[in-house]
Amino acid sequence: MESKLNLDFKKVEKARNYAKNIALESQEFIEKHTTTTVERAVCRLLGIDGVDAFGVPLANLVVENISKGGGLPLGAAYFIGNAMAETSLTPQEIAEKVSKGELDLTKIKQEDIFNIKLAIKPIVDNTIERIKNNKAEREAYLEKYGDKSGPLIYVIVATGNIYEDIIQAKAAAKQGADVIAVIRTTGQSLLDYVPYGATVEGFGGTFATQENFRLMRKALDEVGEECGRYIRLCNYCSGLCMPEIAALGAVERLDVMLNDALYGILFRDINMKRTMIDQFFSRVINGFAGVIINTGEDNYLTTADAVEEAHTVLASQLINEQFALLAGLPEEQMGLGHAFEINPDLKNGFLYELAQAQMAREIFPKAPLKYMPPTKFMTGNIFKGHVQDALFNMITVMTSQRIHLLGMLTEAIHTPFMSDRALAIENANYIGNTMADLGDEITFKKDGIMDKRAEEVVDKACALLEEIQEEGLFKTLEKGIFAGIKRPINGGKGLDGVIEKHESYFNPFIQPMMRRD
């Protein structure tokens with residue numbers, strides 16, 4: 001791609017190499033450890049589902065049983081495979097016996113590791129095949145209807161009731177939405193388990209559960225048939241259950257997942273060690289399932305100034321990119337995040353925003369960038385807010401952003417009505433049509449405001465990444481360089497779920513999911 005901003009791509013490559021070194025150093029730690037939720041994700045991928053009489057997920061009970069016996073360093077697959085070899089039971093039957101206290105997985109006679117892997121292989125193969133079939137089904141829909149070439153219009157539903165969400169999602173699809181994001185209920189990212197079944201009570205969003213995923217996927221396929229379009233489904237696999245929710249999304253054919261390497265650390269105070277381990281396996285799963293991940297750099301600008309701290313967004317995007325590559329996730333599935341969050345009172349703020357968006361597009365040419373609307377400076381003045389959203393929509397089109405999360409004129413007032421969403425889609429469609437090829441028609445002034453702004457951001461990001469490379473990512477997070485938020489290395493939630501692996505540990509899904517045939 002020819003740079004309209006006259007970017008120094010040698011400097012960009014230097015910054016990318018720093019990010020790569022940062023990710024590789026962290027990966028050494030990741031490879032030596034697992035977590036309770038990684039092992040629960042393995043259980044779920046092996047077909048363990050449901051809850052006991054008290055509503056506790058069977059996956060949690062199995063992992064707790066192994067943990068109490070001191071076996072988690074070997075991995076859940078080791079003990080489930082061993083139990084299969086010894087009892088000829090399925091993983092689900094084993095889990096049910098564990099939940100009733102009829103089976104202690106760490107006290108069963110230990111089989112040879114070869115027999116354990118042999119016993120578990122058919123189950124692994126079935127899951128791999130199911131996820132492959134989901135990916136093929138998505139591709140068949142896109143082949144049937146064709147895929148949209150411009151920005152994908154992304155809107156949210158957040159009623160708390162999955163059945164109400166379905167009604168709103170179908171309405172949004174008929175109004176022109178391409179991606180439906182089911183916002184997760186407040187606080188779910190801090191639950192160390194995945195709730196079970198269809199849910200009708202949530203605050204500020206709806207619980208992410210396998211059944212809710214299934215119901216919404218079915219509904220969007222139905223409305224997609226009616227509209228003659230494939231409607232993508234988005235949810236969140238951030239938080240303490242990152243890989244588990246990724247696994248459930250892969251099984252139920254979600255298309256997009258919020259899946260950032262740093263978000264949970266910064267904005268939910270989840271322990272950094274736990275998060276770094278969890279993000280790896282979650283991205284392995286998403287990469288294999290053809291799921292586009294969305295990263296959360298846009299959130300930095302809700303706590304830090306968009307002009308002063310723009311370089312931290314770029315630095316984080318480069319780090320997220322490298323962690324994703326290490327997990328086998330291709331650039332075409334990296335919805336790296338950024339946002340339209342400059343103070344509207346700033347002179348030439350639109351130029352700064354345009355420079356930032358164009359810079360991201362040029363640095364990550366293959367990525368389906370996720371561009372977020374103005375929220376920080378929305379005041380409740382719906383007329384001004386609609387104009388702010390229109391300016392945001394213009395930049396989206398001019399810089400070829402891919403995932404276009406629509407702003408709502410009632411931002412900062414209430415959860416949007418369906419009519420608010422309809423107006424937002426109408427605004428985006430109008431601008432998308434009337435300005436469709438503007439980006440190809442314009443060039444930017446050499447050494448002008450935009451050129452200089454992009455150069456400044458790249459320079460600062462490169463310097464910051466060099467500093468992080470020297471100090472290490474964990475120490476950087478302790479200092480509060482990202483979003484101005486400091487996190488202690490042994491603080492936060494979930495540290496007790498971090499386990500050092502035994503030399504005989506194995507996760508049977510890593511290799512087949514990372515292998516690209």
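Given a 1.4 angstrom probe, I'd like the percentage of the accessible area of the chain that is carbon and sulfur, rounded to a whole number. Heavy-atom surface of the chain belonging to carbon and sulfur, 1.4 Å probe: 51 percent.
For Gln511, put the label point 7 Å out on the Cα→Cβ axis and report which residues of region 63-91 keep their amide N under 15 Å from it. The answer is 77-78, whose backbone nitrogens lie closer than 15 Å to the label point.
Count Lys and Arg as plus one, Asp and Glu as minus one, and take only other residues whose Cβ is under 13 Å from that of Asn393; the net charge is then -3.
For Leu438 and Lys32, what is the calculated FRET efficiency with R₀ set at 35 Å and r taken between the beta-carbons, to the nearest 0.05?
On the way: r = 50 Å, r/R0 = 1.44.
Calculated value: 0.10.
Note on Glu139 and Leu495: their simple-model spin labels are 4.5 nm apart, each label 7 Å out from Cα toward Cβ. Cα-based values for region 280-412, radius of gyration first and Dmax second, are 15.0, 45 Å. Each principal axis of the Cα cloud of region 361-421 was taken in turn, and the coordinate range along them, longest first, works out to 36, 19, 18 Å. Lysine pair count for region 441-497 (Cα-Cα distance under 18 Å; residues 8 or more apart in sequence or on different chains): 4. Between Asn115 and Glu64, the contour length at 0.36 nm per residue exceeds the Cα-Cα span by 16.0 nm. In summary, the lysines within cross-link reach of Lys366, defined as a Cα separation below 22 angstrom excluding same-chain residues under 8 places away, comprise Lys4, Lys10, Lys11, Lys14, Lys20, Lys135, Lys148.
With Cα atoms as the point set, region 383-517 shows a radius of gyration and Dmax of 22.8, 62 Å. Rolling a 1.4 Å probe across the protein heavy atoms gives region 244-327 an accessible surface of 15 Å² per residue. Along the axis of the charge dipole computed for the chain (Cβ charges of +1 for Lys and Arg, -1 for Asp and Glu, origin at the Cα centre), the listed residues Gln388, Gly407, Ala181 are led at the positive end by Ala181. In region 30-131, inverting the average of 1/r over every pair of distinct C-alpha atoms gives 13.5 Å as the Kirkwood radius.
The Cβ shell under 12 Å around Ile342 holds other residues with a net charge of -3, Lys and Arg each +1, Asp and Glu each -1.
Treating only the Cβ of Lys, Arg, Asp and Glu as charged (+1, +1, -1, -1), what charge dipole size does region 445-517 show about its Cα centre? Round to the nearest 20 debye.
The calculated dipole for region 445-517 is roughly 340 debye.
Electrostatic bookkeeping for Glu503 treats Lys and Arg as +1 and Asp and Glu as -1; over the other residues with beta carbon under 15 Å from its beta carbon, the sum is 0.
Scaled against 2.2 N^0.38 Å for its residue count N, the alpha carbon radius of gyration of region 65-107 is 1.02.
With contacts taken as Cα pairs under 8 Å at a separation of at least 6 residues, region 206-338 carries a relative contact order of 23 percent. Label points 7 Å out from Cα along the Cβ direction at Ile449 and Glu226: separation in nm? Placing both labels 7 Å beyond Cα along the Cβ direction yields 4.6 nm. Using the Cβ-Cβ distance between Glu308 and Phe9 with R0 = 30 Å, the FRET efficiency computed as 1/(1 + (r/R0)^6) comes to roughly 0.75. By the rule of a C-alpha distance below 29 Å, with chain neighbours fewer than 8 residues away ignored, the lysines paired with Lys109 are Lys32, Lys68, Lys97, Lys100, Lys117, Lys121, Lys501.
The values are calculated or read from the model by the stated rules, or taken from the named source; none is laboratory data. It should be emphasised that the depicted structure is a prediction, and the values quoted were computed from it without experimental measurement. All Cβ positions, glycine included, derive from the backbone under ideal geometry; neighbour counts span all protein chains shown. For the accessible areas, the whole protein counts, side chains as well, though only heavy atoms, and no ligand, DNA or RNA atoms are used. Shrake-Rupley method; radii C 1.70, N 1.55, O 1.52, S 1.80 Å.
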